[in-house]
Amino acid sequence: MDLKSIIKKKEIQKAKRQFIQFSEGELQNLRADEIERIIDHFRGNTLVKLPESEIAFFEWLKENDRAVWDDLWAEGEEEGYLVSVDFLREFIRETPSFPICDLVDQPNYWFSVRHIKPKGMEYLQNELMLKVEIDEQLTLEERFLLEISVASTDIWHFCHRYRIDIEEMKNAISEMVYKGWLVHLTSRDDLVKYLDF
């Protein structure tokens, strides 16, 4: 299906449902430039429903960290899980997800490569990469450091993806901060300048 047909199909969907939604298959078949054209077309007046995999994640979050879920969605739309069409590009990344980086009442735990301090980068480039090369088991802290060096993420998506206890992950972040590997900005106002989307 060509891009014009996809946009027309989504216009019809929007007229019926007041929002648009993309299946996982539709997202996998769209290139980055096509996503940008869709965003440009619908920008400013359209909400998009999260993909099914993200809805499943947020249902997991509701059960495992209700305070964070409430911070994000408690006052949400009746339909639920609707976000700005601008977030569509987040669902075609290497680790597709809706970034949790805008919490108001709970501390944020979103990180990117820019959060890695010089000491952490030195460890990553020297010791950690050597451990990866020789296929040595990595600690939780090392796995997270490696992950954010490749793609930004929050701890909740990381925990869901790798079946890690959230409190254990928060303790790991504290340890990484203590070691001088990471900057941890809990306030959304401080985090804004680090966002990469």
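The values are calculated or read from the model by the stated rules, or taken from the named source; none is laboratory data. All figures in this text were calculated on a predicted structure; none of them were measured in a lab. No Cβ is skipped: glycine too gets one built from the backbone with ideal geometry, and neighbour counts run over all protein chains shown. Areas reflect the complete protein model, heavy atoms only, side chains present, ligands, DNA and RNA absent. Shrake-Rupley method; radii C 1.70, N 1.55, O 1.52, S 1.80 Å.
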Plugging the Cβ-Cβ distance of residue 74 and residue 178 into 1/(1 + (r/R0)^6) at R0 = 30 Å yields, to the nearest 0.05, a FRET efficiency of 0.35
A 1.4 Å probe over the protein heavy atoms gives segment 110-192 a carbon and sulfur accessible-area percentage of 47
Here, residue 164 and residue 32, labelled 7 Å along Cα→Cβ, have an inter-label distance in nm of 2.6
If one compares the long axis through the Cα atoms of helix 32-42 with the longest principal axis of the Cα atoms of the chain, the angle in degrees, nearest 10, works out at 50
Taking placed amide H atoms and a strict 5 Å upper bound, the residues 5 or more places from residue 47 or on another chain that come that close are 20
antiparallel share of DSSP beta bridges within the chain, to nearest 5, in %, is 75
For segment 104-116, in residue order, the Karplus 3J(HN,Hα) values (coefficients 6.51, -1.76, 1.60; θ = phi - 60°; whole Hz; Gly and Pro = x) are 9, 9, 10, x, 7, 9, 9, 9, 9, 4, 5, 7, 7
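Give me the net charge of residue 187's neighbourhood, meaning all other residues with Cβ under 15 Å from the Cβ of residue 187; Lys, Arg count +1, Asp, Glu -1.
Numbers: positive: 188, 193; negative: 71, 102, 105, 154, 189, 190.
Taking every Cβ under 15 Å from that of residue 187, the sum is -4.
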Computed over segment 110-192, the distribution of all Cα-Cα distances in 5 Å bins, rounded to whole %, is 3, 14, 27, 27, 20, 7, 1, 1, 0
For the chain, longest principal axis from Cα atoms; helix 140-150 axis from its Cα atoms; angle between them, nearest 10 degrees, is 50
Nearest-0.05 FRET efficiency for residue 45 and residue 129 at R0 = 41 Å, using Cβ-Cβ distance, is 0.35
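Over the residues of segment 3-91, compute the C-alpha Rg and express it relative to 2.2 N^0.38 Å. Each step should come with its number before you reach the end.
Numbers: Rg = 13.7 Å, N = 89, 2.2 N^0.38 = 12.1 Å.
Taking N as the residue count of segment 3-91, the ratio is 1.13.
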Averaged over all viewing directions, the convex hull of the alpha carbons in segment 60-110 casts a projected area in nm² of 4.2
Placing each pseudo-label 7 Å from Cα in the direction of the beta carbon, residue 102 and residue 171 end up separated by a distance in nanometres of 3.3
Note to self, the chain gives a 222 nm [θ] from helices alone (DSSP H runs n ≥ 4, -39500 (n - 2.57) apiece, / all residues, nearest 500) of -14000 deg cm²/dmol
In Å², rounded to a whole number, the accessible area per residue of the chain with probe 1.4 Å is 55
Any residue on another chain or 5+ positions along whose placed amide H is under 5 Å from the amide H of residue 154 is listed here as 100, 111
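Could you order the peptides 178-190, 95-107 from most to least packed, using the average number of other C-beta atoms within 10 Å per residue? Spell out each step's value before the answer.
Values: 178-190: 14.8, 95-107: 16.5.
Taking the mean over residues of other Cβ atoms within 10 Å, the ranking is 95-107, 178-190.
Order the following by accessible area, largest value first: 69, 60, 156. Probe radius 1.4 Å; ligands, DNA and RNA are ignored. Mind dumping the intermediate values first?
Values: 69 30, 60 60, 156 0 Å².
From most accessible down to least: 60, 69, 156.
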Pseudo-spin-label distance residue 137 to residue 15, built 7 Å along Cα→Cβ, given in nm, is 6.0
Nearest 10, in degrees from 0 to 90: the angle of helix 3-17 to the longest Cα principal axis of the chain is 80
Across the alpha-carbon set of the chain, Rg over Rh with Rh taken as the Kirkwood radius works out to 1.00
